[in-house]
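This report concerns only the one structure given below.
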Amino acid sequence: MALRLEARQLVKRFGARELFRIPEFNLRAGESLYLQGENGVGKTTLMKILAGLDKPCDGSVRLLPARRRWWLSALDQKVIYLHQTPYVFAGSVADNIAYGLRYRGFDQQTIRQRVALGLRWSRLEALAEHDAVTLSGGEKQRMALARAWVLEPQLLLLDEPTANLDVDSVSLVADMVSGMVADGAAVIVSSHQKTALTRLCQRRLHLINGQLREVFSSTRQEQYGH
Amino acid sequence: MDSLITTSIAALELLFSGDAELWTIIGVSFRVSLSAIAIAAIPALLLGFTLAMVQFPGRWALVAICNALMAVPTVVVGLTLYLVLSRSGPLGEWHLLFTQPAMVVGQVLLCFPVLVCMSHSAFQSVDKRAWETARTLGAPWHKALLTLVNEARFALLAALVAGFGRIISEVGCSMMVGGNILGYSRNIPTAIALETSKGEFAQGVALGMVLLLLALLLNFLLASVRGRGQQV
């Protein structure tokens, strides 16, 4: 069964200030969505809530079919959130790409094979054994995408993935993300500016004044919020 | 000056002659302090992690209390524990006073706040994205915690060294709850205090040399681990 994300009556407040109120939001497998909005409107918070890394003050986020097993105390393994500036764990590039695979029950040989595929996919083979903290911004972003790609996510949330990247890196990252969408993953890209990556997206939503509005959809016309 | 040189030579002779009494004292010190740090380390690290990562009412009060406890004199901890463990105290029936377990308990109480405060700082300095990245990549919370421990390993190692340094060299608590019994509860600091009061400086200086050597070794270890970690 293909993945479906449903959010209902989402409200996030910081103290007395209400950041946003979203009555309804849906996303299906294979959809790519560009979430636009100015700095500070709550794009990152919304994406973290959708990824299960943050909790809304009210409302709910459901991922169907449900896979989360509370006794594992793990987030849904098919949803991955990537920070604007990816966090790099201590160790080599290959170690970083292998990180999530260690928690999926794969044997060592499968992990090695998947890491090799990830390195090739992200064009980081030559840097496999390099200390990951020495990578450039673009290389770190590709490494983070490879770290997610090897886990075959069904929903990928990319928070300003092309901020601070040069044109070539943006194009490379856009190619990688479009490959993941072609493989059937749903992708949400947040950005406050249009790039080659945001142009790939089928839907465009605007988070403004605490409301989420669908401003463009190549597949449907819907509007969220008031 | 002559006296200092003569005493130092006598101390070295004592150390290298394999003097049984001296090495028993060193053995007691290490056994007690290593047991204390081993018992305190994991609960203190978990509390430090909780204080750094989890928001709950009274968190800052707890941090402030731990900070204050770091400065409590060892004799005060020793006195409190003495009153608790003495025959008329609430735990008098346990007959722990003047035993090595009592010294271990005292040293756990002494190093616990140091470990909590320093691990709290260590975890606070780790980027919050490390936790979120670990969790979103599928790590259960306890594995994500181990990832954070790895990310903060230098600071956590420094916390362990500082905690160990506090207890291996403390006199007050060990003297009060250990009783300074030769061959059983006499450790390096209590032996130094006793030998010095008797005017027998050679053994005191020899034991002081062991403490100095230990401090140097631990700090070299810390520096070398840090150095290797920073080589890229």
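The values are calculated or read from the model by the stated rules, or taken from the named source; none is laboratory data. Quantities reported herein were computed from a predicted structural model and do not represent experimental measurements. Positions of Cβ are generated from backbone atoms using ideal geometry, with glycine treated the same way; all protein chains shown enter the neighbour counts. With ligands, DNA and RNA removed, areas are computed over all heavy atoms of the protein, side chains included. Shrake-Rupley method; radii C 1.70, N 1.55, O 1.52, S 1.80 Å.
Descriptive notes on the structure:
- Selection within segment A:102-130: residues that are modelled with pLDDT under 95 and within 12 Å of chain B (Cβ to nearest Cβ). The member of this set that is surrounded by the fewest Cβ atoms within 10 Å (Cβ to Cβ) is A:Gly105.
- Lone unmet requirement of (1) in contact with an Asp or Glu (Cβ under 9 Å, 6 or more places away or on another chain); (2) surrounded by fewer than 20 Cβ atoms within 10 Å (Cβ to Cβ) for B:Ile181: (1)
- Scanning segment A:59-75 for residues that are open to solvent by less than 50 Å² (accessible area, probe 1.4 Å), at pLDDT below 90 and more than 9 Å from chain B (Cβ to nearest Cβ) gives A:Leu63, A:Leu64, A:Pro65.
- Residue satisfying condition, being more than 15 Å from the chain's Cα centre (by Cα), open to solvent by less than 60 Å² (accessible area, probe 1.4 Å) and touching a residue at least 12 places away in the same chain (Cβ under 8 Å), within set B:Ala206, B:Ala162: B:Ala206
- Residue within segment A:206-223 that is open to solvent by 40 Å² or more (accessible area, probe 1.4 Å), in contact (Cβ under 8 Å) with a residue 40 or more places away in the chain, closer than 22 Å to A:Val79 by Cβ and outside any strand (DSSP E or B) present: yes
- Inside segment A:7-24, residues that are more than 24 Å from A:Pro65 (Cα to Cα) and either open to solvent by less than 40 Å² (accessible area, probe 1.4 Å) or within 20 Å of the chain's Cα centre (by Cα) (or both) make up a count of 3.
- Where a residue in segment A:80-96 is within 20 Å of A:Gln113 (Cα to Cα) and within 10 Å of chain B (Cβ to nearest Cβ) and its partner, wherever it lies, is assigned to a loop (DSSP other than H, G, I, E, B) and β-branched (Val, Ile, Thr), with Cβ under 9 Å and at least six apart: A:Asn96/A:Val88
- Taking segment B:148-186 as the range and being in a helix (DSSP H, G or I) and small (Gly, Ala, Ser) as the test, the residues that pass are B:Ala155, B:Ala158, B:Ala159, B:Ala162, B:Gly163, B:Gly165, B:Gly172, B:Ser174, B:Gly178.
- Members of segment B:92-119 that are open to solvent by 10 Å² or more (accessible area, probe 1.4 Å), more than 19 Å from B:Ile167 (Cβ to Cβ) and either in a helix (DSSP H, G or I) or aromatic (Phe, Trp, Tyr) (or both): B:Glu93, B:Trp94
- Among residues of segment A:20-47, those that are under 22 Å from B:Ala134 (Cβ atoms) and touching a residue at least 60 places away in the same chain (Cβ under 8 Å), counted: 3
So that you can scan it fast, the table gives a plain yes or no per residue for (1) outside any loop (DSSP other than H, G, I, E, B); (2) at pLDDT below 90:
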| position | (1), (2) |
| --- | --- |
| A:Pro153 | no, no |
| A:Ser169 | yes, yes |
| A:Asp175 | yes, yes |
| A:Ile188 | yes, no |
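- Members of segment B:122-179 found to be within 14 Å of chain A (Cβ to nearest Cβ) and of a type in the set (Asp, Glu), listed by number: B:Asp127, B:Glu132, B:Glu151
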